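The values are calculated or read from the model by the stated rules, or taken from the named source; none is laboratory data. Being a predicted model, the structure only gives us computed values, none of them experimental. Positions of Cβ are generated from backbone atoms using ideal geometry, with glycine treated the same way; all protein chains shown enter the neighbour counts.
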Amino acid sequence: MARIGVDVGGTNTDLVLECDKGIFFHKVPSTPKDQSIAVIRGVQEICGIAGIAKEQVSLIAHGTTVATNITIEHNGAEVGMLTTRGFRDILHIGRHKRPHNFSLHFDVPWQSNPLVKRRNRIAITERILPPTGEVSVAMDEAEIRAACALFRKRGIKSVCVGFLFSFLNDAHEKRAREIVLEEIPDAYISISSEVANVIREYERFSTVAMNAYVGPKSALYLRNLEEKVQAAGIPAKLRVIQSNGGISTIDGCAKKPVGILLSGPAGGVIGALSEARLAGIENILTNDIGGTSADISTIANGRIRIKNPRDTLVSGHAVMAPMIDLETIGAGGGSIAYLDAAGGFHVGPRSAGSEPGPACYGRGGTEPTVTDAQVVLGRMDADKFLGGDLPLDPALSHKAIKDKIADPMGISVTEAALGIIKVINNNMALTMRANSVARGYDPREFSLMPFGGAGPFHGVALAELVSAKDVLVPLAPGITAAMGLLGTNLQYEHIRSVITNLYTATQAAMDKVNAVIETLIAAGNLDLDADAIAAPDRHFEVIAETRYHGQGFELRVPIPGGRLTEANRPEVIKAFHARHTADYGYAFDDALVELYNIRVIATAAAPHLQLPKVAKGTQTDVPASLLYTRETVFDDGSTHQTPRYDRTKLGAGVTVDGPAILIQHNSTTLLPPGYRAEVLTYGSLRIAKI
């Protein structure tokens, strides 16, 4: 049977297929208006490339940007919210944090682009009190029915419910959901106690509102894709990668799309780590550069980091959902270069995408992009883009840069193209430093891994800018994110607040914590039941989210053995101090440590993509793989007659010295003068100074 990974980007949809005949790669243009069109087309085409029947496909693992794009484009559902009387403006007030402390000109996203308009936030009489969750004021069901009548009148069919202290007692929220479905049977409804069952009302309300905002369109897309897969006669199970790096079912993601807001970028980080391990490397700076954006992450000691809850923002809105720690900026092959009204030179974040695409695509685009700059500099050969599947027109690139940048600035087209590359590289380098140096990591101890279709063009330049140790280019850079989709496990997470002072915890307090753990494990078992996972194949990781008394946010530490006991309580405290020191550089060893939330991560191992070793090569592979030689301009402005090599013909152990360009169907690697590339055992390239 065959397995397919499909990663949808803003410009291209990348596919990898694994079957008994081997591993196959493919790219098709994305279809932004309906991503499923490109997905189905790509699946059918890659089956043809592999020479297998589509009926042989048993799994399609999918990375999607549908939910992400909704938040970027602000075109989600019109949402109605039911909340506790007196607290309808929580979503507007937020945490009173200024996005930029010392700026008088800034945007407040949760106010300028609210997930729920104020007129649609309806106050309901009800009250639950801490710390026990007792009902102080019964819920007025008539008010809920009246709110539903208002929602019907306004055409609102996506409703969220966020009541105060529902993480202690969810009875009111569940009853409210029942009433909403009675009044609006086709409503898409989200309740905070199921989407984010934790303390902190603003973050919980924001998360459930985001779920309702992206939910209808995300669910429609996922259900539509599932139907199209079945209609195409493909009997595969369809799975979606989540922001935390695990995969889940269509049904699970349709109900809780807040968990797939970073679905697309997550696969790239996992794929990068898999290839780094094959190369024997544990520390990597990843940069996934596609046509529209660059996704940047830091992996230390072979472990993917999960964002701290205080940092989990999506389009400026707080989202309490587990996400791989990565940063996304508008920097890709399609990023548009332009001069602002004051003559300032910018590149991105606006992108030409796949339609119309860069000027050289010949699809009507007239604005210069990073891809056009690569063409003008002779780095991207017009007849070799995507293996020749998409011929480029260099004259259009030259005209776009000349008209929009070079002539207005009074410089040559070559200088303008070099400027575009330097600006985009420095934009990415700044974000890479923020994701590494600013968090206590020394890039000199890390290898930089550039991937995505445009990544290896920029790898060496970025390594120089951030002082990385060397560059590691994966086997199929343009398909690495799709490969990551076949390298992850089924994963479900459940969380609940259970505030406990770990220093003074009594047996009764620990019993309460363990009862919550049992409840969360039971919820994880229900998820794995839906996937028909056998009991011996299930694994549960129990995490204590802890903090110093009075601190704003928590840090994650494991609970040894999965239950809190008198014996392991000091271990949890010690682990928290160590984690605090690692993250912040200090710890208060005598301060009170509180357990705030319990998180249970239920997983089941899935088969991972197995890359074969590359055949051993000799230096005679270098002349044998030579395609031709063309003039190329490098970042220092020097021009060289640069040989082009077919990367797929280079065996393990072979080295190539720059200047050179290594061409393959899904990407192109730029090797400047003074650098040497070595083919490693599993086909990746290590690039270092000679």
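Exactly one residue among 544, 582, 575 is assigned to a helix (DSSP H, G or I), surrounded by 15 or more Cβ atoms within 10 Å (Cβ to Cβ) and of a type in the set (Gly, Ala, Ser), and that residue is 575.
For residue 587, state whether it is at pLDDT below 95, surrounded by 15 or more Cβ atoms within 10 Å (Cβ to Cβ) and either assigned to a loop (DSSP other than H, G, I, E, B) or under 30 Å from the mean Cα position of the chain (by Cα) (or both). Yes. Test residue 511 against the stated conditions and say whether it is assigned to a helix (DSSP H, G or I), crowded, with 19+ Cβ neighbours inside 10 Å and either modelled with pLDDT under 90 or among the acidic types (Asp, Glu) (or both). Spelling it out, it is not the case that residue 511 is assigned to a helix (DSSP H, G or I), crowded, with 19+ Cβ neighbours inside 10 Å and either modelled with pLDDT under 90 or among the acidic types (Asp, Glu) (or both). Within region 52-88, the set of residues being part of a helix (DSSP H, G or I) and at pLDDT 90 or above comprises 54, 55, 56.
Residues of region 275-297 include at least one that is within 23 Å of residue 492 (Cα to Cα) and in contact (Cβ under 8 Å) with a residue 12 or more places away in the chain. Looking at region 1-48, the strands (runs of 3 or more DSSP E) lying wholly inside it that each contain 2 or more residues that are under 14 Å from residue 225 (Cα atoms) sit at 2-8. If you scan region 517-537, which residues turn out to be over 21 Å from residue 255 (Cβ atoms) and modelled with pLDDT of 95 or more? The answer is 517, 518.
In region 639-663, of all residues being touching a Gly at 6+ places or on another chain (Cβ under 8 Å) and buried (at least 20 other Cβ atoms within 10 Å of the Cβ), the one that is farthest from residue 375 (Cα to Cα) corresponds to 654. Number of residues in region 620-638 that are surrounded by 13 or more Cβ atoms within 10 Å (Cβ to Cβ), part of a loop (DSSP other than H, G, I, E, B) and not hydrophobic (A, V, I, L, M, F, W, C) equals 2.
The condition (being buried (at least 23 other Cβ atoms within 10 Å of the Cβ) and touching an Asp or Glu at 6+ places or on another chain (Cβ under 6 Å)) is satisfied by just one residue among 479, 405: 479.
Whenever a residue of region 89-108 is β-branched (Val, Ile, Thr), its partners that are at pLDDT below 80 and not in a helix (DSSP H, G or I), lying with C-beta atoms within less than 8 angstrom and at least six residues away or across chains, give the pairs 108/99. If the condition is being charged (D, E, K, R), surrounded by 15 or more Cβ atoms within 10 Å (Cβ to Cβ) and assigned to a loop (DSSP other than H, G, I, E, B), then region 122-163 contributes 126, 157. Residue pairs whose Cβ atoms lie under 8 Å apart, separated by 6 or more positions or on different chains, with the first residue in region 134-146 and in the same structural domain as residue 123 (by TED's automatic domain parsing) and the second polar (S, T, N, Q), are 134/169; 135/169; 137/125; 139/125; 140/125; 143/125. Only one of the listed residues (526, 520, 555) is without any contact (Cβ under 8 Å) to a residue 40 or more places away in the chain and either within 20 Å of residue 321 (Cβ to Cβ) or of a type in the set (S, T, N, Q) (or both). That residue is 526.
Just one of the numbered conditions (1) crowded, with 24+ Cβ neighbours inside 10 Å; (2) within 23 Å of the chain's Cα centre (by Cα); (3) in a helix (DSSP H, G or I) is not true of residue 471: (3). Mind checking which residues of region 13-24 are in contact (Cβ under 8 Å) with a residue 60 or more places away in the chain and buried (at least 20 other Cβ atoms within 10 Å of the Cβ)? If the condition is that a residue be in contact (Cβ under 8 Å) with a residue 60 or more places away in the chain and buried (at least 20 other Cβ atoms within 10 Å of the Cβ), then 14, 15, 16, 18 are the ones that fit. Being in contact with a Leu (Cβ under 9 Å, 6 or more places away or on another chain), surrounded by fewer than 21 Cβ atoms within 10 Å (Cβ to Cβ) and in contact (Cβ under 8 Å) with a residue 24 or more places away in the chain is a property that holds for residue 381.
Quick one: would you say residue 452 is buried (at least 20 other Cβ atoms within 10 Å of the Cβ), of a type outside the set (A, V, I, L, M, F, W, C) and not assigned by TED's automatic domain parsing to the domain that holds residue 665? Judged against the criteria, residue 452 is a match. Could you please let me know if residue 42 is assigned by TED's automatic domain parsing to the domain that holds residue 228 and on the phi > 0 side of the Ramachandran plot? Here the answer is no, as residue 42 does not meet what is asked. Checked against the criterion of being farther than 23 Å from residue 377 by Cα and without any contact (Cβ under 8 Å) to a residue 24 or more places away in the chain, the candidates 620, 629, 603 yield just one match: 620. Taking the criterion of being among the polar types (S, T, N, Q) and either closer than 28 Å to residue 27 by Cα or part of a helix (DSSP H, G or I) (or both), would at least one residue in region 389-399 satisfy it? Yes, that holds for at least one residue. When the residues of region 401-446 are filtered to those that are of a type in the set (Gly, Ala, Ser) and part of a helix (DSSP H, G or I), the one that is farthest from residue 277 (Cα to Cα) is 406. Of the strands (runs of 3 or more DSSP E) lying entirely inside region 173-285, the ones with 3 or more residues being out of contact with any Phe, Trp or Tyr (no Cβ under 7 Å at 6 or more places or on another chain) and either of a type in the set (D, E, K, R) or surrounded by 19 or more Cβ atoms within 10 Å (Cβ to Cβ) (or both) are found at 188-191, 237-241.
Give the number of residues within region 89-110 that are under 17 Å from residue 201 (Cα atoms) and part of a helix (DSSP H, G or I).
5
Look at (1) of a type in the set (Gly, Ala, Ser); (2) farther than 17 Å from residue 491 by Cβ; (3) more than 26 Å from the chain's Cα centre (by Cα) and you find that residue 562 fails only one, number (2). Summed over region 300-332, the residues that are under 22 Å from residue 193 (Cβ atoms) and among the hydroxyl-bearing types (Ser, Thr, Tyr) give a count of 1. Within region 664-690, restricting attention to residues that are β-branched (Val, Ile, Thr) and over 19 Å from residue 27 (Cβ atoms), the residue that is surrounded by the most Cβ atoms within 10 Å (Cβ to Cβ) is 687.
Residue 223 is checked against (1) modelled with pLDDT of 95 or more; (2) more than 27 Å from residue 554 (Cβ to Cβ) and fails just one. What number does that condition carry? Condition (1) is where residue 223 drops out.
For region 44-70, the set of residues classified as within 22 Å of the chain's Cα centre (by Cα) and surrounded by 23 or more Cβ atoms within 10 Å (Cβ to Cβ) consists of 60, 61, 62, 63, 64, 65, 66, 67, 68, 70, listed by residue number. Do we find a residue being among the aliphatic types (A, V, I, L, M), touching a helix residue (DSSP H, G or I) at 6+ places or on another chain (Cβ under 6 Å) and modelled with pLDDT under 95 anywhere in region 19-32? Yes: one or more hits.
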